[in-house]
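Read through the structure below, which is laid out as structure tokens, and then see the notes.
What follows draws every value from the coordinates through simple rules; no lab data is involved. Every value quoted in this text rests on a predicted model; they were computed, and no experiment measured them. We place every Cβ from the backbone using ideal geometry, glycine too, and count neighbours over all the protein chains shown.
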Amino acid sequence: MAGSTAGLCFSGGHGFLEKKASCSGRKPKVSLKEISLGNAGSGQEPVVLEGGLFLLPHGGTLRGSLAFSQRGIWAVGESAEVIKVAGPKAKRIKLEGAFVLPGLWDAHTHMLSGALEQAQVQMGGVRSRAEFRQAVSQWVRQNPNEPWIVGAGWNDALWGGVAPTKEWIEDVSQGKPLFLLRYDMHSGLANSFALRLAGIQALSHDPPGGRIVRDPVTGEPTGWLLEKAMEPVTRCIPPPSLSRKAELLSKAFERAVALGLTSIQDLVWDFRDLEVHKEVFSKEGSRPRVFVRTPMEQLAEFLAARESQLPSGIFLQGVKGFLDGSLGSRSAWLRKPYVGSESDCGVSWVSESKEFRETVFEAVAQGVAVSLHAIGDAAIGMALEIYRECSRRGLGSGSLRIEHFQHPSEQDILEMDHPRLTASMQPLHMVFDAAATEERLGPERARLSFPIRTLMGLKCNVVFGSDWPVADLNPLLGIQAAVTRKDRDGKWPGGWIPQERIGVMQALNAYTLNAAASVGLGDVSGCLAPGRLADLTVLDKDITSCDPEQIQEARVLMTVVEGKITYQRL
Ligand SMILES: [Zn+2]
């Protein structure tokens, strides 16, 4: 990690093992007499959030006030005392009973992809073939000068699961090449023009780690490309300029703080995308703190850059490798075939397993934080096997992380009982994937899906994120999904696999303290206590005591990142 913030140096890898870090490990300090005053006396005038309800480190709430500055949280406690400590020059903001949480984290985003999608064909709400065509033709009309039609967000589950083909959109493409990414970013639809530009035809072989879906009768590509088969097409799409990308990314960060996010762990698809982040962070703006993970195949670039100075607020945090795709695109890699097939076990991204393992070993040995994307049980099993080998060889000491951990076997779950392991999960995916999971895996395998409560009872760390733009960036939706486990269609009114539901406080921990601990900041951020960074999310209601179905209705009133108010509607 490079960079520092508010005088707190984040360099070095210590603290990575702070699984489920607690705020001091002692009882919450609620009396002002008992608490130390953090950075009081630093010379910087504090802000007092007056008359609010504050979430205590170990659950429960406190009515009172909180004083903070850019140096950290000064005091939390009874209002009169906090105001006295803050001094007469403090700026006072009346909360009128609003609910103050430690600043929320999102442990898994693709901010640049989401940002760029805002300028493309938006397919998220499309619910039929007719609407699919309409979305494309409308965008073409509104953007007559664009040489390519590029879009994202479609989900075949919204119209019964029929995969779109190039025939759906040939005529509305108006002679332009077209590529529309599925919402999960693991497959996409190209029209004939785009396939031609990419050199994909009936005789083309499937690339390693990808599949060209073909018409079963004619053998012609249907236009649907899975995983790495998309690359020949995406390489042909002219990228927007750096300044345009930075403009869109900056807006996406503004959106994140408006949703109450104070820190983001962001996964980029190309090491060079870091330049866009640097461009954004070199200017003033309202945004969360960002920890970037770059592709594991570009480990050499990561190692060369990790000591370099980055603009304040951005940290080069680790690398991410892929073992499989997604269940929705039938590219999650399974030990046994998908329901209805004799042999289709999905797509393994790892064609050269020895090389892949060696890269992980090198990264771990060099002290780089490694994440492996694994959704199907075969992929999860392989991630665990590689991590076991890291431990056996005594490589590094940093956390070993699995992204998604959606469909493990029983044995895989048991193996997570290790303090060095982290499961990075996205509860909102359950809302959309529950029905498809039952259909594709069958009830027996499906019942082990998203085993959040079980994992939280083991020694591993569990952190939550959105996977935006795959799912909505709003963390309240994720909290509600983890607590209720209700699916989009209301098929499981008591929750899907209800024994894996968790409480609001557990969900909040995964969005705050656990996420902070996963990057070695479990002692610095993640709870409301004096001396901690002033990362705060203020909501208009107490989501720990409201009807769980109403959590998503809470509104964000203020977001504070390291003592700086980045969003306010109070
Ligand atoms: Zn993702």
FRET efficiency, GLU146 to HIS205 (Cβ-Cβ, R0 30 Å, nearest 0.05): 0.45
Give the relative contact order (percent, whole number) for region 120-234; include only Cα pairs under 8 Å separated by 6+ residues. 22 percent
If we sort 350-360, 61-71, 437-447 on the protection proxy, mean other Cβ atoms within 10 Å, highest first, what's the order? 61-71, 437-447, 350-360
Using 0.36 nm per residue, how much length does the chain from LEU303 to GLN174 gain when fully extended, once their Cα-Cα distance is taken away? 41.9 nm
Using unit Cβ charges (K, R positive; D, E negative) and no other charged atoms, how large, in debye to the nearest 20, is the dipole of region 344-400 about its Cα centre? 260 debye
Centre separation in Å (Cα based) which lies between region 240-266 and region 350-428: 29 Å
How far is the Cα center of region 489-562 from the Cα center of region 90-153, in Å? 22 Å
Structure-based [θ]222 nm, the chain - -39500 (n - 2.57) summed over DSSP H runs of at least 4, per residue, nearest 500: -8000 deg cm²/dmol
In nm, what is the difference between 0.36 nm times the number of residues separating SER312 and ARG127 and their Cα-Cα distance? 62.3 nm
Two-site label geometry, GLU358 and LYS84: point separation in nm, points 7 Å out along Cα→Cβ: 6.8 nm
With the contact rule set at Cα under 8 Å and sequence spacing of 6 or more, what percent relative contact order holds for region 363-516? 21 percent
Using the Cα centre of the chain as origin and beta-carbon charges of +1 (Lys, Arg) and -1 (Asp, Glu), tell me which of TRP168, PRO57, TRP224 is placed farthest towards the positive end of the dipole. PRO57
Just how many % of Cα pairs in the chain lie over 44 Å apart, if you round to the nearest whole percent? 16 percent
Multiplying the sequence separation of GLU167 and SER545 by 0.36 nm and subtracting their Cα-Cα distance, what value in nm do you get? 131.0 nm
Which FRET efficiency value, to the nearest 0.05, do you get for GLN138 and GLU410 by plugging their Cβ-Cβ distance into 1/(1 + (r/R0)^6) with R0 = 41 Å? 0.30
Compute the FRET efficiency between LEU242 and ARG196 as 1/(1 + (r/R0)^6), taking r as their Cβ-Cβ distance and R0 = 30 Å, and round to the nearest 0.05. 0.55
Suppose a student asked you for the relative contact order of the chain, using Cα pairs under 8 Å spaced at least 6 residues apart; what percent would you report? 19 percent
Which of THR109, GLY188, ILE497 sits closest to the plus end of the dipole of the chain, meaning its Cα is farthest towards the positive end, when Lys and Arg get +1 and Asp and Glu get -1 on the C-beta? THR109
Using unit Cβ charges (K, R positive; D, E negative) and no other charged atoms, how large, in debye to the nearest 20, is the dipole of region 323-504 about its Cα centre? 480 debye
